[in-house]
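To start, the structure itself, in structure tokens.
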Amino acid sequence: MGVTKGEVLRGMGIALSVAVAVASIAIYVVANIYAPATPPPQQRARRAVWIDTDSASDDLFSVALLASSSSHQKWPKSTEVAGMSTVRGVLSAADGYRMWSSAIEQLGADTPVFAGDMKLVCGEDRPLAGDYHFPSEWGEEMLQLYAKYFPSLSSSPTPSECSGEAAAADMLSTLHSYDQLHIIAVGPLTNVALFLHRVHTSDRERGTDYMSRISLTVMGAAINRTEPDEGAPPSPSQAAEWNWYADPLAANISVAHFTHTSVAHLVPTDLTFLIHCPDVDRYGMIERYDYASNVTPSQSWQEVGKQVYSFLCRPITAELSLSLLYDGVAAIVFLQPDAGSGPRLPLQVGSGDGSFPPAGVTVEVREGGGEESGAGQASPLSPSHPCSPLPTVYGGELDSSCSQYGYAHFLNEWRAEVGTKLMHDLLSSSFPPSP
């Protein structure tokens, strides 16, 4: 029997359909074997970083370094900057807020280091007690410099409110949203003291232990280096450091609480004075600008980092060129924790109440010793301690029995060759030469 033309065409159609189906299955199988897996929905990082700053140039360098660190994988995994707060120091809290608003608007916050909903808070604009302050000319110099980096600064609006309590509340909210909170404090500790006091009080009342989820890197303290060198030095034989001298009571309260945090690393002037820009340059010059005549609006965090590095590393005088990074070392230690080391010491800070030690002076407590050792009647602040060490302006009555000491890692040893080489590699990779 013969086969009609129609039957032949129907057969060819069936065969073609089968072939297409088989090919489609094969393509689907191959595609699913070799195609990359669909990435899971982005999850919030497990650890938050909060930066508390008085907005000096070395603080701007610190933030630029942190913002640039994701480019070479130095930034810790599952960590993001969740917020920043300003505090009165070199700049007022309000001027600092205006500067950071202008910087973020101009340079962007889309770096992987910053959380998508990163907060910027105008914190406290006065010390907890007393009238301590930085020299006013320092702030004037900073504002003149920042106006060149960030032209919109001149029109940046002044925040409606600056409050340490508001900063503390936002830090607490961030702590509750993450597994861990790491604070990088590079200014007076006013906001930090209010925050730690709030967490300690809440833990005591509710039986929780949020304090153990907090860690800190703090630029502050001095034992063998004397500051401040202007105004009224606290004692010719003892040492203060500007960040702590600007609010000695806040430093006293913060240190008393450090004992119950996960870890507190202090980056004192004992360490920062060991690290000079010429030492870093031995491993290769980090690109610099003429800090005086070639300051232009910055286009990236890397660029402003190099500009500020040039400013910090300028020769102070023709004879003195041991320029220092000061608060910038805190960011370096956070990213390169192996660069510095030091013992965990019981420390007490003079609160400015007229007793020993003098305002802002940090002493190592020799337990059982006399007043000259800094011990006095101090004792570690226990989790159940009933006192509320806040002055009356913040709603609590200052109790002299709250002058406590606390334990912190006092990083006073710089691994000279290893640490400086790590520092150079970090800076050169964060701030590569311009194309």
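The values are calculated or read from the model by the stated rules, or taken from the named source; none is laboratory data. This structure is a prediction, so every number in the text was calculated from the model and none was measured. We place every Cβ from the backbone using ideal geometry, glycine too, and count neighbours over all the protein chains shown. Surface accessibility is based on the protein's heavy atoms, side chains included, excluding ligands, DNA and RNA. Shrake-Rupley method; radii C 1.70, N 1.55, O 1.52, S 1.80 Å.
Data table
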| item | result |
| --- | --- |
| Residue within segment 129-144 that is out of contact with any helix residue (DSSP H, G or I) (no Cβ under 8 Å at 6 or more places or on another chain), part of a loop (DSSP other than H, G, I, E, B), more than 30 Å from K77 (Cβ to Cβ) and without any contact (Cβ under 8 Å) to a residue 60 or more places away in the chain present | yes |
| Qualifying residue in segment 85-95 (condition: part of a strand (DSSP E or B) and surrounded by 23 or more Cβ atoms within 10 Å (Cβ to Cβ)) | yes |
| Identity of the residue in segment 282-309, open to solvent by less than 60 Å² (accessible area, probe 1.4 Å), of a type in the set (F, W, Y) and over 13 Å from S434 (Cβ atoms), that ends up modelled with the lowest pLDDT | Y309 |
| Some residue of segment 227-234 being modelled with pLDDT under 90, over 16 Å from the mean Cα position of the chain (by Cα) and assigned to a helix (DSSP H, G or I) | no |
| Members of segment 106-119 that are in contact with a helix residue (DSSP H, G or I) (Cβ under 6 Å, 6 or more places away or on another chain) and assigned to a strand (DSSP E or B) | K119 |
| Some residue of segment 167-190 being open to solvent by 40 Å² or more (accessible area, probe 1.4 Å), in contact (Cβ under 8 Å) with a residue 60 or more places away in the chain and of a type in the set (G, A, S) | yes |
| Cβ pairs under 6 Å, 6+ apart, first in segment 335-355 and over 17 Å from F410 (Cβ atoms), second of a type in the set (G, A, S) and open to solvent by 10 Å² or more (accessible area, probe 1.4 Å) | S351/S403; G352/G130; G352/A359 |
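Conditions tested, residue by residue: (1) farther than 19 Å from A103 by Cα; (2) open to solvent by 40 Å² or more (accessible area, probe 1.4 Å).
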position: E140; (1), (2): no, yes
position: L143; (1), (2): no, yes
position: S155; (1), (2): no, yes
position: A193; (1), (2): yes, no
position: T201; (1), (2): yes, no
position: G207; (1), (2): yes, yes
position: M211; (1), (2): yes, no
